[in-house]
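Everything below concerns the one structure shown next.
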Amino acid sequence: AAVYSLARQSTHPLSNAIARNFQSIEPMETEGFVEIPGRGIFGKVQNRSCKMGSVEYITGTAGNSHKYASNVYLSIDEKIKGYFTIQNQYREGFDSLMQELTGHFDIYLLSGDNDSEREKLSHYFEPSKMYFNQKAQEKMDFIRNLQQKGKNVLMTGDGLNDAGAFLQSEVALSIADDIYHFSPAGDAIVEASKLGQLYRFILFARQSLSIVRISFAISFMYNLVGLSYALSGEL
């Protein structure tokens, strides 16, 4: 009950997965909830100190990554209780989206999680373009480095750990499973189920920009011809 009461306060995907698993349990009163981007969450549940998050956040030491899953560690009253092992599931349309984006853009993966998914993700990303265990500042610095090389950056993300990178990027798209949940401030919010259409959104934006430019060109020519007639006195 304490785990559910704490996890339901967070918008992190792993917290959401744990909360969904225990949603039949009656929640308890929670006070002083704090979420530390890229590390974990803390709160007092009926005056018991509860922490959930990475192994470093809970134990203070680095741990071994599970090969095919992410681990969420738990401590209650400063006593380590163990961890939840959660296998990752990619969002709907992810396969087709990556096929569309690859070849048109330089794509990088910046993840605050461990590298348990490296093998699976290597089918979509170049090994040299995958970065794991990234803190919020490291993501921000990475994007700044790309910009210094003349790149324009579009960043997508779904957690507080992405907030700094969002501010640094030229375009920030926040991915939300629930549009009423808090999400990092971005230029737009994309419902998670529509993520597979991201490439279409980019094409639409480019086409819209082309239409604006063509409209300006037509307007310029129209006014140039009209003004020429007006100045000649032949109208």
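List of remarks:
- Restricting the stretch 177-190 to residues that are part of a loop (DSSP other than H, G, I, E, B) and open to solvent by less than 50 Å² (accessible area, probe 1.4 Å) leaves a set whose member that is modelled with the lowest pLDDT is Ser183.
- Only a single criterion out of (1) within 18 Å of the chain's Cα centre (by Cα); (2) of a type outside the set (Phe, Trp, Tyr); (3) closer than 30 Å to Thr61 by Cα is not satisfied by Ser174, namely (3).
- Pairs where the first residue, in the stretch 185-206, is under 16 Å from Asp162 (Cα atoms) and the second is surrounded by fewer than 13 Cβ atoms within 10 Å (Cβ to Cβ), C-beta under 8 Å, 6+ apart: Ile189/Ile179
- Extreme residue, modelled with the highest pLDDT, among residues of the stretch 51-65 that are farther than 20 Å from Phe22 by Cβ and over 22 Å from the mean Cα position of the chain (by Cα): Thr59
- Check on Asp158, under 20 Å from Ser96 (Cβ atoms) and either open to solvent by less than 80 Å² (accessible area, probe 1.4 Å) or touching a strand residue (DSSP E or B) at 6+ places or on another chain (Cβ under 9 Å) (or both): yes
- Residue in the stretch 89-107 that is polar (S, T, N, Q), surrounded by 13 or more Cβ atoms within 10 Å (Cβ to Cβ) and farther than 17 Å from Lys129 by Cα present: no
- The sole residue among Ser122, Ser128, Ser174, Ser193 that is of a type in the set (Ser, Thr, Tyr), under 20 Å from Ser15 (Cα atoms) and surrounded by fewer than 16 Cβ atoms within 10 Å (Cβ to Cβ) is Ser193.
The values are calculated or read from the model by the stated rules, or taken from the named source; none is laboratory data. Note that the coordinates shown come from a computational prediction; the quantities given were computed from them, not determined experimentally. Neighbour counts run over all protein chains shown; Cβ positions are idealised from the backbone, glycine included. Just so you know, the surface numbers come from the protein's heavy atoms only, side chains and all, with ligands and any DNA or RNA stripped out. Shrake-Rupley method; radii C 1.70, N 1.55, O 1.52, S 1.80 Å.
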